[in-house]
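> Quick one: the structure is below, questions incoming.
Any read-out appearing in this document is the output of simple, stated calculations on the displayed coordinates, not a laboratory observation. Just so it is clear, the structure is predicted and the values come from calculations on it, not from any experiment. Positions of Cβ are generated from backbone atoms using ideal geometry, with glycine treated the same way; all protein chains shown enter the neighbour counts.
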């Protein structure tokens with residue numbers, strides 16, 4: 001049996017739909033305070049990070065042998081008064097994970113589930129059709145020639161930042177780098193760009209370049225874009241989104257295609273060296 005640890009966004013919804021349609025409805029667990037776009041009736045249980053040890057025991061008792069993490073999950077604060085007996089032996093590792101970079105934190109959490117006898121399954125293993133193929137394009141075509149150097153600069157920045165485990169996205173405009181994704185996520189980056197002074201966004205419309213960090217474990221947190229990404233990019237005055245082909249998820253693809261046309265933002269999947 002497979003369990004889905006669901007966060008916010010469209011990815012858990014798409015995975016739950018695909019698994020249920022295939023006769024493999026998962027057990028769905030959510031982290032308290034995070035929220036989920038899945039209906040409450042679809043959720044097996046909601047838990048606190050202070051009860052993770054008990055959740056691992058309950059998953060094993062329910063016959064879960066595979067686990068998939070999907071959706072955005074903000075790092076919770078650990079309340080020492082709430083820690084239960086089953087979680088107490090894990091506290092040191094949980095605290096270390098919560099203070100690490102995204103990829104390191106996720107590797108640590110996956111390790112806890114693996115040690116409990118559960119294999120970690122990637123979202124793209126369950127729904128390979130979500131992965132952006134090389135050559136995928138949506139919205140206005142072709143990309144303006146002036147954007148090509150921006151794409152190269154964005155890819156080079158992401159490659160250089162990979163060892164620092166910072167983020168998966170960067171925005172490049174005619175004036176140079178306009179912002180780098182940090183722990184707040186891609187939408188926050190695009191919101192920051194949208195509030196930048198117009199002089200920084202002069203010339204050809206900028207581009208969001210997105211892809212995984214070099215060496216990133218793609219079983220969790222594979223880069224993803226969806227219709228909301230298109231809307232935020234348009235508000236930021238961007239003209240294009242370029243993602244790493246084969247290593248980025250396209251969520252709610254039909255709506256994404258429609259939004260690309262409506263917002264006048266080109267979306268392209270290509271090799272970025274990420």
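> Can you tell me the mean projection area, over all orientations, of the convex hull of the range 152-274's alpha carbons? Units nm², please.
Taking the Cα atoms of the range 152-274, their convex hull projects to 6.9 nm² on average.
> Next question. Could you order the peptides 213-220, 170-177 from most to least packed, using the average number of other C-beta atoms within 10 Å per residue?
Sorting 213-220, 170-177 by mean packing, highest first, produces 170-177, 213-220.
> Treating the angle as unsigned and between 0 and 90°, give the value, to the nearest 10°, between the Cα long axis of helix 148-161 and the longest Cα principal axis of the chain.
It is inclined by approximately 30 degrees.
> If each DSSP helix of 4+ residues adds -39,500 (n - 2.57) and the sum is divided by the residues in the chain, what number results at 222 nm, nearest 500 deg cm²/dmol?
-10000 deg cm²/dmol
> Springs between alpha-carbon atoms under 10 Å, Gaussian network over the chain: tell me which of 199, 75, 45 tops the mean-square fluctuations.
In the Gaussian network model the winner is 199.
> Let me ask another. Counting alpha carbon pairs within less than 8 Å and at least 6 residues apart, what relative contact order, in whole percent, applies to the chain?
That works out to 18 percent.
> Looking only at the range 48-83, which residues have a backbone nitrogen under 16 Å from a spot 7 Å from the Cα of residue 1 in the C-beta direction?
The answer is 55-68, whose backbone nitrogens lie closer than 16 Å to the label point.
> Moving to a separate point now. Quick one: 221, 165, fewest Cβ neighbours within 10 Å first, how do they rank?
Ranking 221, 165 by Cβ neighbours within 10 Å, fewest first, gives 165, 221.
> For helix 253-263, what angle does its Cα long axis make with the longest principal axis of the chain, in degrees from 0 to 90 and rounded to 10?
The angle comes out near 30 degrees.
> Gaussian network model of the chain, Cα springs within a sub-10 Å range: biggest mean-square fluctuation belongs to which of 135, 226, 185?
135
> OK, next. Tell me the Kirkwood radius of the chain: reciprocal of the mean inverse pair distance over distinct alpha-carbon atoms, in Å.
19.5
> Okay, moving on. Rank by packing, highest mean first: peptides 105-113, 141-149, 232-240, with packing defined as the count of other Cβ atoms within 10 Å averaged across residues.
Final packing ranking: 232-240, 105-113, 141-149.
> With labels modelled as points extended 7 Å from the Cα through the Cβ direction, what inter-label distance (nm, one decimal) is found for residue 40 paired with residue 8?
Roughly 1.9 nm, to one decimal.
> Just grab the label-to-label distance for residue 84 and residue 100, each label 7 Å out from Cα along the Cβ direction, in nm (one decimal).
2.5
> Can you give me the convex hull volume of the Cα atoms of the range 94-208, divided per residue and expressed in Å³?
136
> Here is a further query. How high is the relative contact order of the range 2-126, given as a whole-number percent (alpha carbon pairs under 8 Å, six or more residues apart)?
In percent, rounded to a whole number, it is 29.
> Can I ask one more? Counting only Cα, what are the radius of gyration and maximum Cα-Cα distance Dmax of the range 1-147, in Å?
According to the Cα coordinates of the range 1-147, Rg and Dmax are 17.5, 60 Å.
> Pairs of alpha-carbon atoms within less than 8 angstrom and 6+ residues apart define the contacts here; what relative contact order does the range 131-270 have, in percent?
33 percent.
> What length, rounded to one decimal in nm, is gained on full extension from residue 188 through to residue 200, with 0.36 nm per residue of separation minus their alpha-carbon distance?
The residue 188-residue 200 span can extend by a further 2.6 nm.
> Give me the number: length gained by fully extending residue 137 to residue 254, i.e. 0.36 nm times residue separation minus the C-alpha to C-alpha distance, one decimal in nm.
Full-extension gain reported as 40.9 nm.
> Oh, and also: Label residue 271 and residue 116 with points 7 Å out from Cα along Cα→Cβ: what is the distance between them in nm?
Each label point is offset 7 Å from its Cα along the Cβ direction, giving 4.1 nm.
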